[in-house]
Amino acid sequence: MIRGKNIQVLLDSHLEGKYSTEEATALVDLASQCLQYEPRDRPNTGKLVSILDPLQTKLEVTIVFLSLLF
């Protein structure tokens, strides 16, 4: 399902396209890695943090920026 760029099919339709395709792709890819059958093929905690931390930081910056606008 991830092959062929079908990420929109996997995401909550209530988001109505209000998300970064780049960040959504990173999250779907990470989720796919976490679901690997062999434990050795799954990312370790350090890799999870290294991928998720920048995404969370971007989200926090966006929220602060938007709160300043309104």
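The values are calculated or read from the model by the stated rules, or taken from the named source; none is laboratory data. From a predicted model like this one, the values you see are computed outputs, not experimental measurements. Methodologically, a virtual Cβ is constructed for each residue, glycine included, from the backbone with ideal geometry; neighbour enumeration extends over all protein chains shown. We work out accessible area using only protein heavy atoms, side chains counted, and drop any ligands, DNA or RNA first. Shrake-Rupley method; radii C 1.70, N 1.55, O 1.52, S 1.80 Å.
Selection of the range 11-48 for residues being assigned to a loop (DSSP other than H, G, I, E, B), open to solvent by 80 Å² or more (accessible area, probe 1.4 Å) and among the acidic types (Asp, Glu) yields 12, 16. Of all residues in the range 5-19, none that is in contact (Cβ under 8 Å) with a residue 40 or more places away in the chain and on the phi < 0 side of the Ramachandran plot has its Cβ atom under 6 Å from the Cβ atom of a residue that is open to solvent by less than 100 Å² (accessible area, probe 1.4 Å) and not small (Gly, Ala, Ser), 6 or more apart or on another chain. Pairs linking a residue in the range 47-62 that is at positive phi and among the aliphatic types (A, V, I, L, M) to a residue that is surrounded by 12 or more Cβ atoms within 10 Å (Cβ to Cβ) and modelled with pLDDT of 80 or more, with Cβ atoms under 9 Å and 6 or more positions apart or on different chains, do not occur.
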